[in-house]
Amino acid sequence: MSAALSFRDLKVWFGEGRDHVMAVKGATFEVARGESFGLVGESGSGKSTIMRALTGLAPDWSGEMAVDSRPVPQGPKRDAAFYKKVQMVFQDPYASLHPRHSIDQVLSETLKLHGYTDIERRIEKLLSDVGLGPAFRFRYPHQLSGGQRQRVAIARALAPEPEILLLDEPTSALDVSVQAEILNLLSDLRSEHDLTFLMVSHNLSVVAHMCSQSAVMQQGEIVELLTTEDLRRHAARHPYTQRLLRAAEGYVRDEDAAGGAEAVA
Amino acid sequence: MTELLDVQNLRVTFPTNQGLFEAVRGVSFKLGRERLGIVGESGSGKSMTGRAILRLIRKPGAVAADHIKLDGEDLLPMTEKQMRAVRGKRISMVMQDPKFSLNPVMRVGEQIMEAYRLHSRATKSEARRRALEMLEAVSIRDPERVFRAYPHELSGGMGQRIMIAMMLIPNPELLIADEPTSALDVSVQGQVLNIMDKLVRERGMGLIFISHDLNLVAQFCDRVLIMYAGRVVETCEAGRLHEARHPYTRGLLNSMPRIDTPKDRLEVLKRDPAWREAPSVGPDESREVTA
Ligand SMILES: Nc1ncnc2c1ncn2[C@@H]1O[C@H](COP(=O)(O)OP(=O)(O)OP(=O)(O)O)[C@@H](O)[C@H]1O
Ligand SMILES: Nc1ncnc2c1ncn2[C@@H]1O[C@H](COP(=O)(O)OP(=O)(O)OP(=O)(O)O)[C@@H](O)[C@H]1O
Ligand SMILES: [Mg+2]
Ligand SMILES: [Mg+2]
């Protein structure tokens, strides 16, 4: 069976000289068609960068990336067929929505761009799928709460009916009840249309719920691949993963935390 | 004893095409030198409550209240100039969209230095040293590079940590943190929370911690307000959040996935119109979970 997404020794870097940073240091993994695959790990470890490289937003990379066994070209260009097949929900919904475009404009433009004609019906369906009533349709991003904006971003990604969804922290701005609705919706769409998900989340319970396996990243490297069984049983081998799983058991007040507070104030 | 913060009957409204929209509908609470969590579904008015305290509601939105007292002094009659002296000095707020609150065309380090010098009149080199220390304190791995970076060159979680560091610089009496750790992995999150916790315990800072993460709020905070449709439907000791009784709070608790118990589908909340009508729970009322 061929993979929907494959990454082989992917390296991604930014900047030059002293500002050079190797954000992804040789990542190799595959996501099978219909699978949901998680990317977890340290803040700043390169999770978003992997997705951005695939979609042409991080131009300096080496190695191989392929979508349905078709190699992804160097440079920022991706053809219309690529965006019809692959859509991304960005981590930062504020930055990804145009401040002067109403929700209606955002969705209708995306739909027209992909050649749909029954725009009305589709906008209504998309909004109701992500749990936003018709009252929101003519609002602008600044008139929405954080979670409402994130739902607009999800609706926009679903609009072209993609086969592969890249989800960067799709529910971290959502409260747990809307999170449950969105995750159920995503699961339904995946099983109905055989969708493939690559998903970043800091919430290991969400990853365990949605994904069958995950890559754990630290400082640009994939330190471990974990099945969800391993995740649930805390059966990690790498010390970083073990630390992460321990931290996920809950916040424990550090009565004699060193440094920190002195430095900031 | 005067409370650090005393909010009575806070309202935030927006005129819309469909008439006046009430984002916050009479919220009252008091805060001591403690960690107060605010939870509640998306759109329930958490951010607007925080912003209204600092009078940061954009026009045509409007704020009204019986009073908003800081250390016994009402903020409502203050002029915009007086409010500017309160903002960032006595009360800091970490906004929900950190990158949006940073200046996009200014290097991160310069922004932190500027904030620091505004507060302390330190020399440039002193400010630079402190800025680097702050980046390290919030677990930024390569502070020198990040110091020179622009906001768009940061990861989501790095932006959040920088905002937190900046907001703590003026040593505020009250910190309002709106989803401050939502983009952090649990390990870095713990380190950042320890910093805030220490400021509460050792300097007596008050903290309003707005979060979707019910487990985290239960473990980290002292008390919790649970908001629904612009009102407080329930309040309880944070440690007893899991025993909350209101069907809305129960619904929120039950909709979380659990790492140890797999489920095919997550439970979703069935909203009851009566929840919206019930009056807000006040600061002195005991509609609390008791033993
Ligand atoms: N446009 C850019 N220019 C320079 N450096 C960048 C750029 N984008 C990302 N980086 C750097 O690459 C590294 C990885 O960032 P990335 O956004 O992939 O992290 P992440 O794992 O998604 O973190 P988080 O969980 O905090 O969102 C960081 O050190 C970041 O500063
Ligand atoms: N400018 C505006 N005009 C009209 N309504 C607005 C405006 N700004 C915010 N609102 C509405 O006010 C309500 C409360 O918003 P608020 O940002 O406080 O929600 P929240 O509880 O912080 O939600 P989230 O968890 O999603 O961030 C939302 O329903 C939002 O749509
Ligand atoms: Mg990221
Ligand atoms: Mg909010």
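The values are calculated or read from the model by the stated rules, or taken from the named source; none is laboratory data. All values reported here derive from a predicted model rather than from experimental measurement. When we count neighbours, we look across all protein chains shown, and the Cβ atoms used for this are built from the backbone with ideal geometry, even at glycine. Side chains included, ligands, DNA and RNA excluded: accessible areas come from the protein's heavy atoms. Shrake-Rupley method; radii C 1.70, N 1.55, O 1.52, S 1.80 Å.
If you restrict to DSSP beta bridges whose two residues both lie in chain A, what percentage is antiparallel, to the nearest 5?
55 percent
On the basis of the beta-carbon distance and an R0 of 45 Å, A:Thr117 and A:Phe14 show a calculated FRET efficiency of 0.65.
The amide H of A:Gly26, built 1.01 Å from its N in the peptide plane, has A:Leu10, A:Lys11, A:Val12 as neighbours under 5 Å, considering only residues 5 or more places off or on other chains.
Given the pairs B:Lys59/B:Lys81; A:Lys25/B:Lys99; A:Lys125/B:Lys59; A:Lys85/A:Lys112, which span a C-alpha to C-alpha distance of over 20 angstrom in this model? Intermediate values should be presented prior to the final figure.
Details: B:Lys59/B:Lys81 17 Å; A:Lys25/B:Lys99 26 Å; A:Lys125/B:Lys59 32 Å; A:Lys85/A:Lys112 16 Å.
Over 20 Å apart, Cα to Cα: A:Lys25/B:Lys99; A:Lys125/B:Lys59.
Give the shape of the range A:134-265 as rounded, prolate or oblate, defined through the alpha-carbon gyration tensor: a ≥ b ≥ c are the square roots of its eigenvalues, a/c under 1.5 means rounded, and otherwise the shape is prolate if a/b is larger than b/c and oblate if not. Note, shape of the range A:134-265 comes out oblate. In the elastic network of chain A, a GNM with C-alpha springs shorter than 10 Å, the most mobile of A:Tyr251, A:Tyr140, A:Tyr116 is A:Tyr251. Put the Cα centre of the range A:52-99 next to the Cα centre of the range A:156-208 and the gap is 18 Å.
Averaged over peptide B:152-159, how many Cβ atoms belonging to another chain are found within 10 Å of each residue's Cβ? Walk me through the numbers before you get to the answer.
Details: counts 2, 4, 2, 10, 13, 10, 2, 3.
Mean shielding by partner chains, rounded to a whole number: 6.
For B:Ser92, what charge total do you get from the other residues with a beta carbon under 12 Å from its beta carbon, if Lys and Arg give +1 and Asp and Glu give -1? Provide the component values of the computation, followed by the final result.
Working: positive: B:Arg87, B:Lys89, B:Arg90; negative: B:Glu173, B:Asp178.
Within the 12 Å Cβ shell, the charges total +1.
The simple Förster model, with R0 at 35 Å and r as the Cβ-Cβ distance, assigns B:Glu114 and B:Asp260 a FRET efficiency of 0.15.
Whenever you get a sec, compute what percent of the accessible area on the range A:58-172 sits on carbon and sulfur atoms (1.4 Å probe). Each step should come with its number before you reach the end.
Details: 2860 of 5160 Å².
In the range A:58-172, the share of accessible area belonging to carbon and sulfur is 55 percent.
Helix-only mean residue ellipticity at 222 nm, the protein assembly as shown, DSSP H runs n ≥ 4 weighted -39,500 (n - 2.57), per residue, nearest 500. What is it?
Taken over the protein assembly as shown, the calculation gives -10000 deg cm²/dmol.
Remark: mean inter-chain Cβ contacts per residue of B:252-258 equal 6, using a 10 Å Cβ-Cβ cutoff to other protein chain atoms.
Rounded to the nearest 10 degrees, the angle from helix B:156-168 to the longest Cα principal axis of chain B is 80 degrees. Put simply, the amide H of B:Leu225, placed in the peptide plane, has neighbours under 5 Å in B:Gly37, B:Ile38, B:Val39, leaving out anything fewer than 5 places away on its chain. Of the residues in the range A:162-193, those shielded by at least 40 Å² of accessible area once partner protein chains are present, compared with the chain alone at a 1.4 Å probe, are A:Ser172, A:Asp175, A:Val176, A:Ser177, A:Ala180, A:Glu181, A:Asn184.
Within the protein assembly as shown, all pairs of alpha-carbon atoms sorted by distance into 10 Å bins from zero give the percentages 3, 18, 29, 28, 17, 5, 0, 0.
Excluding same-chain neighbours fewer than eight residues apart, the aspartates and glutamates reachable from B:Lys124 by a Cα-Cα span under 12 Å are B:Glu110, B:Glu114.
Based on the Cβ-Cβ distance from A:Asp188 to B:Ala122, what FRET efficiency comes out when R0 is 45 Å, to the nearest 0.05?
It comes out at approximately 0.20.
Peptide B:11-18 has a mean of 1 when you count, residue by residue, the C-beta atoms of other protein chains within 10 Å of its C-beta.
Surface calculation, 1.4 Å probe, protein heavy atoms: A:Arg52 sits at approximately 90 Å² accessible.
If packing is taken as the mean number of other Cβ atoms within 10 Å per residue, what is the order of A:196-202, A:42-48, B:218-224, highest first? Could you put the intermediate results ahead of the total?
Values: A:196-202: 25.1, A:42-48: 27.3, B:218-224: 22.1.
Highest mean packing first, the order is A:42-48, A:196-202, B:218-224.
Projection of the Cα convex hull of the range A:5-263, averaged over all directions and equal to a quarter of that hull's surface, yields 16.1 nm². Amide H contacts for A:Leu5 (H built 1.01 Å from N in the peptide plane; partners 5 or more residues away or on another chain; cut-off under 5 Å): A:Val31, A:Asp68. In this structure the protein assembly as shown gives 42 Å² per residue of accessible area when probed at 1.4 Å with all protein chains present.
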